[in-house]
Amino acid sequence: MTRPRTAYTGRAITFATMHGKELLAHDAFQNALGATVTAATGLDTDQFGTFAGEIPRTLSPREAARTKAQLGMQLAGTALGLASEGTFTSEFGPLMKNIELLIFIDDTLGLEIVEGSITISPVPGGRHIASPHEALTFALAIGFPGQGVILQSTRNDRTTAHKNITQLEVLGDTAEALLRQRHSLVILPDYRAHKAPSRAAAIRSLCEKMAQRLATECPRCRAPGFGHTNVELGLPCSLCGTATRAIAADINGCGRCAHHTRTPRNHTHADPGGCDHCNP
Ligand SMILES: [Zn+2]
Ligand SMILES: [Zn+2]
């Protein structure tokens with residue numbers, strides 16, 4: 001028998017998702033690995049927290065992704081699992097920062113591999129609205145209905161998220177009804193993957209990165225998934241030579257053995273502006 005093209009050729013991988021993320025992974029995993037990605041059925045990923053905040057997130061993104069992946073594998077009875085976790089923060093003023101984390105688990109080989117990305121989301125965060133017109137303006141500006149929205153209404157300290165509105169007319173009517181009942185109303189982008197094309201694109205490119213990585217073997221033990229694991233800080237200042245917090249090198253490593261490689265970045269010295277000695 002010939003050796004399979006990769007460790008995952010012909011294997012089934014379960015993506016723990018309720019929001020169609022398996023479709024974002026499918027082609028990359030098929031092309032790079034010959035593996036088939038399907039969604040777990042009967043899975044409730046909302047229990048790990050929601051973007052709209054009805055269910056708070058208590059685990060770190062990595063823990064949440066790991067727990068989801070394991071649950072999906074359990075439900076599907078597979079040894080290979082994928083899960084992703086996204087966070088949106090507004091540290092760039094009106095722009096949102098989207099951190100995405102994709103985890104791959106191989107129970108047979110004992111591997112847990114993580115890929116991550118940081119992108120600036122083109123979709124702004126939510127805002128309070130006082131009229132149905134404001135809801136429609138916000139929705140159209142962010143690309144509704146391709147990009148989904150959520151109406152979050154609060155009355156007497158009780159907050160309810162109104163999701164899955166797909167028509168402008170229904171959005172206006174819902175907003176009007178809630179405002180008439182004296183709810184305080186916030187409109188938010190729906191960041192779930194099937195309702196947020198820009199987030200789906202970020203997850204798709206992470207899936208491509210992950211598939212390529214799983215096609216890469218450790219040069220020492222031949223385990224799949226050799227790739228970027230860390231960065232080394234301490235690029236020396238160009239003026240005084242002090243180690244700065246700038247990245248000096250990338251570290252690639254194996255998920256199973258201790259083998260790693262160090263690749264220096266193109267710059268040999270850091271700008272003195274980032275040096276604690278020259279620019280305290
Ligand atoms: Zn310096
Ligand atoms: Zn290795």
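List of remarks:
- For region 161-194, the residues whose backbone nitrogen is under 14 Å from a point 7 Å from the Cα of S131, taken along Cα to Cβ, are 176.
- Charge dipole magnitude, Cβ of K and R +1, D and E -1 - region 188-248, Cα centre, debye nearest 20: 200 debye
- For the pair T166 and T108, label points projected 7 Å from Cα toward Cβ lie 3.9 nm apart.
- Bridgeable lysines around K21 (alpha carbons under 18 Å apart, same-chain partners fewer than 8 residues away excluded): K68, K195, K209.
- Between helix 197-214 and the chain there is an angle of about 20 degrees, using the helix long axis and the longest principal axis of the Cα atoms.
- Using Cβ point charges alone (K and R +1, D and E -1), the dipole size of the chain about the Cα centre works out to roughly 420 debye.
- Model label points for R158 and T261, set 7 angstrom from Cα along the Cα-to-Cβ axis, are 6.0 nm apart.
- Summed residue charge, Cβ within 14 Å of G148's Cβ, Lys/Arg positive, Asp/Glu negative: +3
- Dipole magnitude for region 127-189: about 220 debye, using +1 per Lys or Arg Cβ and -1 per Asp or Glu Cβ, origin at the Cα centre.
Every number in this text was worked out from the coordinates using simple rules, so none of it is lab data. Note that the structure is predicted; figures quoted are calculated from it, not measured. FYI the Cβ positions are ideal-geometry reconstructions off the backbone, even for glycines, and counts take in every protein chain you see.
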